[in-house]
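This report refers to the structure that appears directly beneath it.
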Amino acid sequence: MALVPANDQFNRLRDGAKQFAGGFTAGQKAVTIAAVAAVLIGAVLFMSMSGKPTYAPLFTNVQPTDAANITAKLTSESVPFQLANGGTTIMVPANDVATQRLAMAQAGLPAQSTVGLSLLDKEGITASNMTQQADYLRALQGELEQTIDAISGVSSSQVTIALPANQSFAVNTSAPTGASVLVTMVPGQTLSSQEVQAIVHLVGSSVPNLNAQQVTVADSNGNLLAGPGVAAGGGSNNATQSYDSQVQGKVQAYLAAVLGQNNADVQVNATLNYDQINSTTQTIVPAANGKPASFCTQTSTSTQTYTGTGAPPGGVAGAITPTTGTGTGNYNQSSGSQTCETNQQTITDQQAPGTVKSQSVAVLVNTAALPKGVSMAQLQAGVAAAAGINAARGDTLAFSAMPFSTAASKQAAKAAAAAAAAGKSKSLMSEAKVLVVVLAVLVALFLLWRSARKARTAVVMGPMSATDALSALSMPVHSSEPTGQLPAVSAADVSGSVEAATVNTFIDAQPDDVASMLRSWLSDNRTQGPG
């Protein structure tokens, strides 16, 4: 097989391209160019959207100095990044988060967020005692700040430990005078009473010899959360609110099981006693027979004996007893003592602060939601049991029933219907946009196919004109064999020949030219008249 020169191949490709482009009209060329441009732009947009990385936070709540150092290092390593939350959050591609965190940790970044006991690694042997005290105190405060910042909702914190003057904190056993904690919360977040108490005990347990009662906690708004003389977590107010919420939740859950949701309103107001009371009780433990049991703790016995002649010793105190006398005698004296006690029991009770002194519960029930067979008395008795009403303590229960207003529910239903309609409309618009894009692509593909088909037809037909194509109906058909010439065929037999197929193809490709020629023929025949 002979090789075709490269120049000939290029010329053939060029001629084929010219012939292909020559089969397009000006409108077809414009539509084809627009369709190709649309496909290319869509492909570029799709590739850019699919290739765009997803960013994830690398560090949050960083200081400006740390943010500048981190971004400079990311820029030097050609790592893309984004800043959020006013520059306090640095975001990098999600796939690079773990790698960049390790790289930043190796570089000691963020530096201002890692103040802790590692600060003591830089201590030199020539550091003075005062410098060591200051560094140890700063390291301990930094460790506490990191621990408090780990609590959910805390944005940042500052811990300050107060020490007596001229005391060695690391060695001396003297107790610090107190500690203060300033907490900055994430917008919309607040500390619960348990979290405040946790902060107090964290600081008190981390600092040697520091009493937790000497820890003061405040937020960035200036609210005192805990401190000397203030209960951790806000004291009695938060405890009362917590109790009211618990009772209200129990009653609402009970009513919702009977009436359904949003068919009852419950209000609870309780009074709690925060006095700490100690009571001591002593009782005598009875024996098995029911009588008081006793036991002896001490027993003593004394005996005196005398035998001899003469008068026995003794006499009235202060009187002179003669020493002379006769006779014999014996003297015996015995005495005993016993100390016995009853079995007693001493019990000391300490009443914890926060006991309920009294409570009042108000319940409003929707009569329209009351099921058949359920009376208001039964419902009221159930509410009293759920709320723990104690009449002897002074508790009150106000129970009433009336129809609820349906305006709010109707408005909510309308809003929900409008939101559903808007969502449905948005979904339909999105689907319509997708359908339009698909139809546009299909139309562009159809026009390209049609233009290519006409171009192929024009290439097959060549420069044949309409007159030549129609005159082929009356021309004889020659055989491609060198044996001879075939006889001429009529127009009725042309449909089965190759020339007839070519003419039909030309008619389909250029119907306007054929129609114009036929009209001219008909006009000529009418002018000449019957002959």
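The values are calculated or read from the model by the stated rules, or taken from the named source; none is laboratory data. Keep in mind that what you see is a predicted model, and the values were worked out from it rather than measured. Glycine also receives a Cβ, built like all others from the backbone with ideal geometry; neighbour counts cover every protein chain displayed. Side chains included, ligands, DNA and RNA excluded: accessible areas come from the protein's heavy atoms. Shrake-Rupley method; radii C 1.70, N 1.55, O 1.52, S 1.80 Å.
Just add up the charged neighbours of residue 59: K/R +1, D/E -1, any other residue whose Cβ is under 10 Å from the Cβ of residue 59. Don't skip to the answer; put the middle values down first.
Numbers: positive: 101; negative: 66.
Value of the local net charge: 0.
Whenever you get a sec, line up 291, 426, 372, 357 from highest to lowest accessible area (probe 1.4 Å, protein heavy atoms).
From most exposed to least exposed: 372, 426, 291, 357.
Consider just the alpha-carbon atoms of the range 396-452 and return their Rg together with their Dmax, both in angstrom.
For the range 396-452, the Cα radius of gyration and maximum Cα-Cα distance read 26.0, 91 Å.
Taking H as built 1.01 Å from N, whose amide H comes closer than 5 Å to the amide H of residue 356, not counting residues under 5 places away?
The answer is 273.
What are the ³J(HN,Hα) couplings of the range 189-197, residue after residue, when phi is run through the Karplus curve with 6.51, -1.76, 1.60 and θ = phi - 60°? Round to Hz, x for glycine and proline.
Karplus values, whole Hz, x for Gly and Pro: 10, 9, 8, 7, 5, 5, 5, 5, 5.
Taking amide H positions as placed 1.01 Å from N in the peptide plane, with prolines and chain starts having none, which residues 5 or more places from residue 156, or on another chain, fall under 5 Å of its amide H?
Amide H to amide H, under 5 Å and 5 or more residues apart or across chains, residue 156 pairs with 184.
What order do you get for 257-267, 359-369, 97-107, 334-344 when each peptide is scored by the mean count of other beta carbon atoms within 10 Å, highest first?
Values: 257-267: 15.4, 359-369: 17.9, 97-107: 13.6, 334-344: 10.1.
Top of the packing list down: 359-369, 257-267, 97-107, 334-344.
FRET efficiency for residue 39 and residue 151, Cβ-Cβ distance as r, R0 = 56 Å, nearest 0.05?
On the way: r = 55 Å, r/R0 = 0.98.
E between residue 39 and residue 151, to the nearest 0.05, is 0.55.
Quickly rank 34-42, 153-161 as a protection proxy: mean count of other C-beta atoms within 10 Å, highest first.
Going from most to least packed, we get 153-161, 34-42.
Tell me which residues come under 5 Å, amide H to amide H, from residue 220 once H is placed; ignore anything under 5 positions away on its chain.
183, 185
Hey, can you rank 411-420, 378-387 by average C-beta count inside 10 Å, highest first?
378-387, 411-420
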